[in-house]
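Data block below; observations after.
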Amino acid sequence: MDQLSYQSRLIPPEEAQQTGCFTSLPIRIHPRNDIADAATAKFIADWAKHVGDGREKRTHFCPSRVGNWNSLLYPEGLPERLGSVSYLLDLGLIHDDVNEELSVQDAMAAHERLRPALDPQDNRKWDPESPQMKFKMLLSECVIECIKTDRELGTAMLKSFRVLWLDIAENATSDAPQTMDDYWDVRMTNGGMSVFWPMVLYATNLRLSEEQHTLVQPIIAAAEEALCWANDYFSYEREVWELETGKAKRIVNIVEMVSRTKGLSSAEAKAEVKRMILGAEAKYCRLRDDLLSSNPEMSMDLKRWIEYIGLSISGNHYWLSACSRQNTWKTNCSIDGKINGLTNGSVNDTNNRSVDGVVNGTVDTGIEEPSTGNKDTSLKALKLLFNSTPNESHPVCRYPNDKLSDYAMVAPMTHISSLPSKGTRSELISALNVWLKVPPVVLGHISSAIDMLHNASLILDDIQDNSPLRRGVPAAHVVFGTAQSINSATFMFVKATEAVRSTLSPAALEALLRGLQTLFMGQSWDLYWKHNLQCPAEGDYIRMVDHKTGGMFVMLVQLMAAESPYYGASVIEDLERLMRLLGRFYQIRDDYMNFSAYSAQKGFAEDLDEGKFSFPVVCGFERDPELRGQILAIFRQRPTSGAGEATQLSRKVKEHLIRCIAASGGFDETLKCLRSLENELDTEIAELEKKLGQVNPLLRLCLATLSMEGCEKICW
């Protein structure tokens, strides 16, 4: 490994040994330890601000007298990424502290509350005071930074937190493990190892192939043993003390298991675990050396990765030996310095009791058996019905005025509502409410009305565009018929209007009606151009988008503003401008993505099937007269089915049109426009944050999830 260069400082072995550290591997520390400490300070302040439960005052975080944990785990990490991983690791520490005080079931519930904050695509609506929304506010800025810094590695790291840590952590049985294999399964489930390695990759900006990952897997396995055993070795006494003082519900520690299963004293068990740690480190070194010697042409990135694995082992070991997290408990021991429970060689897990989850008694299904006593009455009723005389009134005259079932009405609505959503609206509502502070109940009414309007517009759009798919699923009119779907969508507009009238202010109703007029006006021109084979000028297209797509976003702001007492007309005008820009970005982005891999959810280049003049086509028309003739000719000759509806163009024809658009510069101009709009949106958000005196990480996260940064250029 002599070829590698380092930015980190080597810790002298004699210095490390003063803390009780005994690792056999070299220890290094990042030169910018101050960045990691600053991230911890920010996390503590943010937790107090957004969560506010006081937990930050009782948790020992990453800083220590020998350096921040992150500076020792990622000594070769990029300085600009050190803050993000430090922030997330502090989150892990405080979350683990909370879970240690909970039962397994309660810990799983705590994981569930945190998960949405780590998912940029989460589109559920959360009450502003809910734990989920507090966590989203806490983590939004960090999530945005990770995605913006490195979309690929940042997204993978966040996904590992969400999927590999939260989704599986604490799901293991609460029974005490009896064998090493059992214990290892538990540790791999709740030890966080699956999350740690994506953090190292992100911090060091290393990208490895699947083959390279497979090649180093045995080395990773040895490292995980050393990491886990060291954590258990240095945390054992603290965990015992917390268990016996009631601060923790359970203990999961290899020292405890060795002591219990082998009948050893605590000191003997610790000595055994120490040998295991050194054995795992020796195994890492042996596997490392074997791999290097058998692969003389190994890439420098893979060599770095193998070295960084070893530095993580030693850095973790050093920090554990000195950090306050594992040592401050000693000040709470009894006066004679003895720790209860460490002399008998074992520790009882108070959580290893079986739980009777069965409720005695029968289950009431809520279904009653028919009464046999009504049989005669029923027969008489049948005779009266079928043997009526002319002097008796017809049964039709006697039918009660009962209401019809609403099944036929709501079925298309239920169908469209069940489809996977991009989540932009719900994310935007939460983000705007950071500033507008609409009360939760009122905000729920607004969200419900907007959802109904949006779903109604989707049903009508699919009908008017002759689109067979919506997000990869048959569109509502394909399943329920065009007429029934139109009827259902129209009813949704009526229902949304009635909901606003009955639950919101008159000003909100006025905003809704004004917004609906704007939406229909925009849609009318989109349909007009398609029907008349008339390609709009770029300016006309943008005005249509401002009414159609931007109109929905502006209406949302106006509805919220009508229920918010906080800001005057000038601020609302600024927000409306921001929403119009967002509408332009959102629609043009959708136009562009229709020609990319995303279009598989609706159908390959479906806008061409619909004869739609989308933004890339408009740009191509203005730059290449020859393209104008070809597209109009093909649109004019689009085949129609027996019902008069256009059917799909052949793939060959669509590929030809896409090549023409690409050659005209239509896609390049669209991508250029999108990047300019994204920058403009970022500037507008910054201006509003300055004007209102409050940053809005949720709004920035919303924009980051739509970002075109790193988007593949469409080339044919």
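The values are calculated or read from the model by the stated rules, or taken from the named source; none is laboratory data. A quick note: this is a predicted structure, and the numbers were derived from the prediction, not measured. Every residue, glycine as well, gets a Cβ built from its backbone with ideal geometry; the counts of neighbours run over all protein chains shown.
Please go through (1) among the hydroxyl-bearing types (Ser, Thr, Tyr); (2) part of a helix (DSSP H, G or I); (3) at pLDDT below 90 for Thr365 and return the number of the only condition it doesn't satisfy.
(2)
With respect to Leu89, determine if the residue is assigned by TED's automatic domain parsing to the domain that holds Leu206, more than 29 Å from Pro440 (Cα to Cα), at pLDDT below 95 and not polar (S, T, N, Q).
It is true that Leu89 is assigned by TED's automatic domain parsing to the domain that holds Leu206, more than 29 Å from Pro440 (Cα to Cα), at pLDDT below 95 and not polar (S, T, N, Q).
Filter region 487-498 down to the residues that are free of Cβ contacts under 8 Å to residues at least 60 places away in the same chain and surrounded by 17 or more Cβ atoms within 10 Å (Cβ to Cβ), then identify the one that is farthest from Ile416 (Cα to Cα).
Out of the qualifying residues, it is Thr497.
Residues Leu533, Leu556: which one is out of contact with any Ser or Thr (no Cβ under 7 Å at 6 or more places or on another chain) and either at pLDDT 95 or above or at negative phi (or both)?
So the residue among Leu533, Leu556 that is out of contact with any Ser or Thr (no Cβ under 7 Å at 6 or more places or on another chain) and either at pLDDT 95 or above or at negative phi (or both) is Leu556.
Tell me yes or no: at least one residue of region 56-73 is surrounded by fewer than 23 Cβ atoms within 10 Å (Cβ to Cβ) and within 19 Å of Ser140 (Cα to Cα).
The answer is yes, given that some residue of region 56-73 is surrounded by fewer than 23 Cβ atoms within 10 Å (Cβ to Cβ) and within 19 Å of Ser140 (Cα to Cα).
Identify, by number, the condition in (1) on the phi > 0 side of the Ramachandran plot; (2) not assigned by TED's automatic domain parsing to the domain that holds Leu698 that Gly423 doesn't meet.
Answer for Gly423: the failing condition is (2).
Kindly state which helices (runs of 4 or more DSSP H) lie completely within region 614-716 and contain at least 3 residues that are at pLDDT 90 or above and either over 30 Å from Glu145 (Cα atoms) or among the hydroxyl-bearing types (Ser, Thr, Tyr) (or both).
Because the criterion is at least 3 residues that are at pLDDT 90 or above and either over 30 Å from Glu145 (Cα atoms) or among the hydroxyl-bearing types (Ser, Thr, Tyr) (or both), the helices (runs of 4 or more DSSP H) in region 614-716 that meet it are 615-623, 651-664, 666-692.
Criterion first (touching a helix residue (DSSP H, G or I) at 6+ places or on another chain (Cβ under 6 Å) and modelled with pLDDT of 95 or more) does Leu10 satisfy it?
Against the criterion (touching a helix residue (DSSP H, G or I) at 6+ places or on another chain (Cβ under 6 Å) and modelled with pLDDT of 95 or more), Leu10 does not qualify.
Can you report the number of residues in region 269-317 which are assigned to a helix (DSSP H, G or I), surrounded by fewer than 17 Cβ atoms within 10 Å (Cβ to Cβ) and polar (S, T, N, Q)?
Total meeting the criteria: 2.
When you look at Trp529, is it out of contact with any helix residue (DSSP H, G or I) (no Cβ under 7 Å at 6 or more places or on another chain) and crowded, with 16+ Cβ neighbours inside 10 Å, yes or no?
In short, yes.
Which condition breaks for Pro536 when tested against (1) in a helix (DSSP H, G or I); (2) more than 25 Å from the chain's Cα centre (by Cα); (3) surrounded by 15 or more Cβ atoms within 10 Å (Cβ to Cβ)?
(1)
Of all residues in region 4-21, count the ones that are touching a Lys or Arg at 6+ places or on another chain (Cβ under 7 Å) and assigned to a loop (DSSP other than H, G, I, E, B).
3
What tally of residues in region 241-256 results from selecting those that are part of a helix (DSSP H, G or I) and at pLDDT below 90?
Here the count works out to 4.
Just checking, how many residues over region 57-92 are of a type in the set (Lys, Arg), part of a loop (DSSP other than H, G, I, E, B) and in contact (Cβ under 8 Å) with a residue 60 or more places away in the chain?
1
Considering only region 499-522, how many residues are within 30 Å of Gly539 (Cα to Cα), surrounded by 14 or more Cβ atoms within 10 Å (Cβ to Cβ) and either of a type in the set (S, T, N, Q) or not assigned by TED's automatic domain parsing to the domain that holds Ala449 (or both)?
Residues in region 499-522 being within 30 Å of Gly539 (Cα to Cα), surrounded by 14 or more Cβ atoms within 10 Å (Cβ to Cβ) and either of a type in the set (S, T, N, Q) or not assigned by TED's automatic domain parsing to the domain that holds Ala449 (or both): 1 in total.
Scan region 496-503 and tell me whether some residue there is under 16 Å from Ala411 (Cα atoms) and under 33 Å from the mean Cα position of the chain (by Cα).
no
Are there any pairs with C-beta distances below 7 angstrom linking a residue in region 695-710 that is among the acidic types (Asp, Glu) to a residue that is in a helix (DSSP H, G or I), with the two at least 6 apart or on different chains, and if so which?
Glu709/Arg151
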